[in-house]
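The values are calculated or read from the model by the stated rules, or taken from the named source; none is laboratory data. These numbers were taken from a predicted model, which means no experiment stands behind them. When we count neighbours, we look across all protein chains shown, and the Cβ atoms used for this are built from the backbone with ideal geometry, even at glycine.
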Amino acid sequence: MNDWHFGTVSRRLHDADMCNYIPVSYHQGPRTIRKYREFDVAFISAGEMDPKGYFNYGLANSIAGAVISKSKKIIVEVNRNVPYCYGGNRESVHISQIDHIVEGKHAPLAQVKPQEPKEVDRQIAAHIMKEIEDGACLQLGIGGLPNLIGQMIAQSDLKDLGIHTEMLVDSCVDLHNAGRVTGRLKSVDHFKMAYTFAMGTGKLYDFLDRNPSCASYPVNYVNDPRVISFNNKVVAINNAIEVDLFGQVCSESVGPEQKSGTGGQLDFIFGAFQSKGGKGIISLSSTHKDREGRLHSRIVPTLQPGSIVTVPRSIVQYVATEYGIVQLKGKSTWERAEALTGIAHPDFRDELVREAERMRIWIKGRGAE
């Protein structure tokens with residue numbers, strides 16, 4: 001099996017030597033398929049056919065249209081539990097394109113409950129909240145921290161926010177229902193929450209069903225850095241595993257061991273910086289514990305051997321831990337090392353300084369241009 005995303009199931013298959021990852025910057029997925037891939041069969045889950053003969057993809061627009069365009073045979077499995085999600089574009093396939101229809105078991109959709117935030121998430125979120133202004137256009141992912149930020153925004157006095165995000169999650173529903181999200185100030189997809197796939201609980205799926213305030217698009221639109229940048233004040237918040245003193249971000253592997261895919265992190269960090277007033281934020285806790293309970297810094301001198309660089313240092317803008325948030329654009333290597341050391345766990349700062357000096361990226365007494 002080859003997987004474009006590499007989630008939990010794929011990791012387990014990979015451990016059994018049954019799965020490999022296809023590296024891709026998510027917005028280039030459809031173009032990559034159209035240029036280089038051929039499929040014998042596309043097997044697509046969709047809702048029941050509408051009166052016009054269309055089967056709606058529901059929660060996952062993503063690369064579905066591209067796969068169908070390059071497949072010799074197209075099979076649709078009907079599931080009446082799939083919500084009808086308005087586009088956008090390419091959110092449906094017409095019966096005239098379909099070779100076979102499977103009347104499935106209409107299984108309930110997977111429920112992915114938001115993770116409970118930890119205390120460290122609350123500390124990181126407090127720093128990130130200071131960077132969000134009225135009229136900001138948000139990209140929030142899944143996990144304890146994005147969910148917490150959504151809750152904090154819902155309880156704040158921020159107004160006229162927009163949503164342009166790879167993944168629509170439960171916290172986006174909360175923001176909409178709290179009146180914080182209007183989309184009024186968006187430059188594209190006015191008044192719409194634009195997304196390419198959705199993952200959450202029944203609350204989200206019920207909200208999406210035939211809701212004209214939401215727009216489902218292929219990922220080559222939603223994640224295109226150019227499209228992202230058309231909206232002002234884009235705030236993109238993404239998690240990382242490690243950040244080194246050069247500013248390189250690893251978000252998908254521990255050493256050479258693949259943990260996740262690149263996804264849209266690079267797309268949104270790049271697009272947010274291009275946005276007028278935009279901010280691309282990499283967030284991570286300053287430390288983690290190994291299986292033996294030993295504490296390790298996530299701000300490291302250099303990435304572990306074999307680690308995958310998800311966001312190169314030249315693209316990184318903001319990095320946030322529980323100890324603060326720093327902006328790296330326009331800073332020299334020693335200024336970056338100094339800034340990142342300042343948001344590392346205090347127990348590791350002296351060691352980071354020594355390593356920075358040893359690598360000659362932070363030279364004693366140096367500071368003036």
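Among the residues of the range 87-94, are any within 27 Å of residue 258 (Cα to Cα) and surrounded by 14 or more Cβ atoms within 10 Å (Cβ to Cβ)?
For the range 87-94, residues within 27 Å of residue 258 (Cα to Cα) and surrounded by 14 or more Cβ atoms within 10 Å (Cβ to Cβ): absent.
Among the residues of the range 224-236, is any surrounded by fewer than 19 Cβ atoms within 10 Å (Cβ to Cβ) and assigned to a strand (DSSP E or B)?
No, every residue in the range 224-236 fails to be surrounded by fewer than 19 Cβ atoms within 10 Å (Cβ to Cβ) and assigned to a strand (DSSP E or B).
Go through the range 345-369 residue by residue and tally those that are β-branched (Val, Ile, Thr) and at pLDDT 90 or above.
The qualifying residues number 2.
Please verify whether residue 9 is aliphatic (A, V, I, L, M), under 17 Å from residue 259 (Cβ atoms) and not in a strand (DSSP E or B), treating the condition exactly as stated.
yes
Regarding the range 116-127, can at least one residue be identified that is polar (S, T, N, Q), surrounded by 15 or more Cβ atoms within 10 Å (Cβ to Cβ) and farther than 25 Å from residue 225 by Cβ?
Yes, some residue in the range 116-127 is polar (S, T, N, Q), surrounded by 15 or more Cβ atoms within 10 Å (Cβ to Cβ) and farther than 25 Å from residue 225 by Cβ.
A quick yes/no check of all residues on (1) out of contact with any His (no Cβ under 8 Å at 6 or more places or on another chain); (2) surrounded by fewer than 20 Cβ atoms within 10 Å (Cβ to Cβ); (3) farther than 30 Å from residue 47 by Cα:
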| residue | (1), (2), (3) |
| --- | --- |
| 145 | yes, no, yes |
| 154 | yes, yes, yes |
| 197 | yes, no, no |
| 206 | yes, yes, no |
| 261 | no, no, no |
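Among (1) surrounded by fewer than 20 Cβ atoms within 10 Å (Cβ to Cβ); (2) touching a Lys or Arg at 6+ places or on another chain (Cβ under 6 Å); (3) not hydrophobic (A, V, I, L, M, F, W, C), there is one condition residue 242 misses while meeting the rest; what is its number?
Result: residue 242 passes all but (1).
Any idea which of (1) in a loop (DSSP other than H, G, I, E, B); (2) over 26 Å from residue 5 (Cβ atoms) is the one residue 84 doesn't satisfy?
Only one criterion in (1) in a loop (DSSP other than H, G, I, E, B); (2) over 26 Å from residue 5 (Cβ atoms) is unmet by residue 84, namely (2).
If only one of 48, 77 is out of contact with any helix residue (DSSP H, G or I) (no Cβ under 9 Å at 6 or more places or on another chain), surrounded by 15 or more Cβ atoms within 10 Å (Cβ to Cβ) and modelled with pLDDT of 95 or more, which one is it?
Being out of contact with any helix residue (DSSP H, G or I) (no Cβ under 9 Å at 6 or more places or on another chain), surrounded by 15 or more Cβ atoms within 10 Å (Cβ to Cβ) and modelled with pLDDT of 95 or more holds for just one of 48, 77, which is 77.
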